[in-house]
1. What list of ³J(HN,Hα) values in whole Hz, one per residue of the range 291-302 in order, does the Karplus curve 6.51 cos²θ - 1.76 cosθ + 1.60 (θ = phi - 60°) give from phi, with Gly and Pro shown as x?
2. Could you give me the ³J(HN,Hα) list for the range 120-128, computed from phi with Karplus coefficients 6.51, -1.76, 1.60 and θ = phi - 60°, whole Hz, x at Gly and Pro?
3. Given a cut-off of 24 Å, name the pairs among Lys285/Lys598; Lys127/Lys780; Lys340/Lys597; Lys94/Lys200 whose C-alpha atoms lie farther apart than that in the structure shown.
4. Express in nm, to one decimal, how much length is gained between Met247 and Asp87 on full extension, taking 0.36 nm for each residue of separation and deducting their alpha carbon distance.
5. If a/c stays under 1.5 just call it rounded; otherwise compare a/b with b/c (prolate if a/b is bigger, oblate if not). Do that for the range 158-241, with a ≥ b ≥ c from the square roots of the Cα gyration tensor eigenvalues.
6. For the range 340-398, which whole percent of the accessible surface, found with a 1.4 angstrom probe, sits on carbon and sulfur atoms?
7. Counting alpha carbon pairs within less than 8 Å and at least 6 residues apart, what relative contact order, in whole percent, applies to the chain?
8. Can you spot the lysines whose alpha carbon is less than 24 Å from Lys426's alpha carbon? Ignore those fewer than 8 places along the same chain.
Amino acid sequence: MHLLFRFPAVTRRNYLVLRHYKTAKKPPFPTATPPKAPKKPQNFSFHGITWEDPYSWMSSLNDKVAMRHMDVYMEQEEKYTEAVMSDSERIVNKLHFEMASRVPFELSTPPLRWGPWLYYRRVEEGKPYPVLCRRLASLHDDFISHKYPPAGFDFTTGKTVEQKLVDYNQEAERFGGYAYEELSEVSPNHHFLAYTMYDKDNGYFKLSVRNLNSGSLCSKPQADRVSNLAWAKDGQALLYVVTDEKMRPYRIYYSLIGSTDDDVLLLEESDENVHISIRHTKDFKFVTVNTLSPTSSKVFLINAADPLSGLKLVWECEAIVHCVVEHHQGYLYLFTNAPKGGQSVDYHYLLSSPEDTHSNPRKWEEVIVDDPTLVIEDVDFSDKYLALIVRENQNFQLCSVRLPLPFGKGAVKLRKLDMQFLSLPKHVCQISPGPNYDFFSSVMRFIISSPVMPDAVVDYDLATCRWNIIQQQNMLHDRTRILYGTNSSSVTVEPSDARYSSPMHANLEDDHLWNDLSEFYACEQYVVPSFDGVLIPLTIVFARENKPKDEKPGILLGHGAYGELLDKRWRSEFKSLLDRGWVIAYADVRGGGGYGKKWHHDGRRTKKHNSVNDYISCAKFLIEKDFVNEKQLAAWGYSAGGLLAAAAINRLPDLFRAAVLKVPFLDATNTLLYPILPLVADDYEEFGYPGDLDDFLAIREYSPYDNVQKDVLYPSVLVSSSFNTRFGVWEAAKWVARVRDLSIYDPKRPILLNLTSDIVEENRYLQSKESALEAAFLIKTMES
């Protein structure tokens, strides 16, 4: 977890004008000969099944000859993509200008109050990476801006009021010009910062600890392959987890800051199936240790005041489940989706147990009665309040309950508690808790997302139900709402009667206060029957000036893996397509999140075909209901979503006219059987264990690389990957080569491999450039 979340890419324009773009007919793609990858057939056998892989050499990273051939082939692919897109330079530049103009010159995070300090990140002009800063909260009245945090000089007093903690531009110099941070934790005494930076040359994250008073790096701890951090002893000690060479988290170390003694090994898991993670409770009194394997889940406690006193087992389950333990005023709370009475459940629930109990094993009691009509998705504790993210059917709600909860009366119904529902805009697709480090504050921060509203960072005061939009890109007035003090122009809303009696209507009167774009863009929700009758949620977004039933080009996005929510947040790059009459649709296929554990499990391992069929059903719905022209539908997938889209294309190539696959997972059989990059238990739980015959047969059936159809016309496809081996460029290269080899060649339907640089992920300018290329590719494909 970052101390300060990375505020997602947001958009801005001088004003919002929706145009109806008249598109002139363009010539087809320029004639260019696609590269032909060398074939070096190799046979593989497993479970009595034999298959041939002509391009397996592409993943032979230790074969110097093969890698030289790969370099030559990648250069050919790069030149081919440039040649095919050479006549689209004008539209690419236009799109890039549009997209880049919506990205603020200085993208900063709003200040987060923790104790006496305000912490925030800001980007200095002309610098690619941010600076982590802080200033005393007592000076916050002078820290007011309608745009971005100033450099920290108060012209009134002539004093510097800002303290720079970490300049990630300097960190980039330490790590070969690349600055990618995964973890960032300020100590509870505010004296130290522990953080991990990606060492690109070695392929792991490296731990550093910086003294915030002197600004210098501490001599220890310094460790490689660090995956977790947790402070102890009020910031005097740090616990951290390291991984083995296969990236399995397996050791916990204790380091006393300022000591010259070697770090102490607290726990080592020798079982290769067990993974370790740690976190501190919100009150910093305990460090929780989770050990997970395919057959068990355990939670241990470490006394943060005395980390060397040992680990105490507080909960275990004979299944791999989600489990988080919190501590509040003498009670432990467990938030989990573990089976009950040996029966799997489709939701999370909350249990409690006295901290000082003498029962063995520890007894846990249910706190809230299960209610299938009001599902708890997440919880967050403060000293006096419990915040809950709940789902009622497909609608997300945010509410609070005063602590402590009633004990001694058994489980209570959530609806019977004194719940305060907090204001939300329309069409909420995701609610994400902010860092919320200040346990004793009644103010909690959440990020509210919608397909037709730029992400809003909102502070909710759970004591008064007042809420402030702290930061939100305002596309109508070319500014970002950011709160830096009590006198700012951010939106502050007085509480309304938002008790449970009418939660769905509590926010209607406040709709005008959110920077909602639904006046210009429609957001409609449907349920689509899949092949087996299961109803699949489908969200459709389009510009209102384009009539909903007009035939138009469209994109269908999907993910369907790991039980993760489909990202339906407002995306600035899609605005250029929406304004040109495109439809953007999101298919919440099985395998994804937001609809319970069963929804996830029905789209994984041997049931992965359900995800693909759900996606195809949604694609057909868009065409049959005239939302999208039957010859102008594009598939779109990122990572595991790339597998989903590619598998759907294999099933019905003529259903799609184009596709964009971003760093996709395409070679499932070989990746799961012979992993080059380390895989964890979650990967096998999601896509299947090759050692299990049923799983293996399912993998062979859905794997995009193994199911390319022969002598069939495929849609135009743009596959984006990276030389950075964290993304496995060979997966994309192998699939592209096989599709070209087996399918019918049509120069109007090119199969392109776009190789991005390693730093695109962290560079907003390059991100918009890549997005412009993808949009131009789709526009040209539909017009060719």
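The values are calculated or read from the model by the stated rules, or taken from the named source; none is laboratory data. A quick note: this is a predicted structure, and the numbers were derived from the prediction, not measured. Cβ placement follows ideal geometry from the backbone for every residue including glycine, while neighbour counts extend to all protein chains displayed. Heads up: the accessible areas ignore ligands, DNA and RNA and are worked out on the full protein's heavy atoms, side chains in. Shrake-Rupley method; radii C 1.70, N 1.55, O 1.52, S 1.80 Å.
1. 10, 10, 9, x, 10, 7, 9, 9, 10, 10, 10, 10
2. Working through the residues one at a time gives 6, 10, 9, 10, 7, 4, x, 9, x Hz.
3. Details: Lys285/Lys598 35 Å; Lys127/Lys780 34 Å; Lys340/Lys597 14 Å; Lys94/Lys200 33 Å.
Over 24 Å Cα-Cα: Lys285/Lys598; Lys127/Lys780; Lys94/Lys200.
4. Details: separation 160, 0.36 × 160 = 57.60 nm, distance 4.42 nm.
Using 0.36 nm per residue and subtracting the Cα-Cα distance, I get 53.2 nm.
5. Numbers: a/c = 2.34, a/b = 1.14, b/c = 2.05.
Verdict is oblate for the range 158-241.
6. Numbers: 1350 of 2920 Å².
On the range 340-398, the fraction of accessible area on carbon and sulfur atoms equals 46 percent.
7. Working: 1757 pairs, mean separation 85.7, N = 784.
Relative contact order comes out at 11 percent.
8. Lys426 reaches Lys547, Lys549, Lys568, Lys575.
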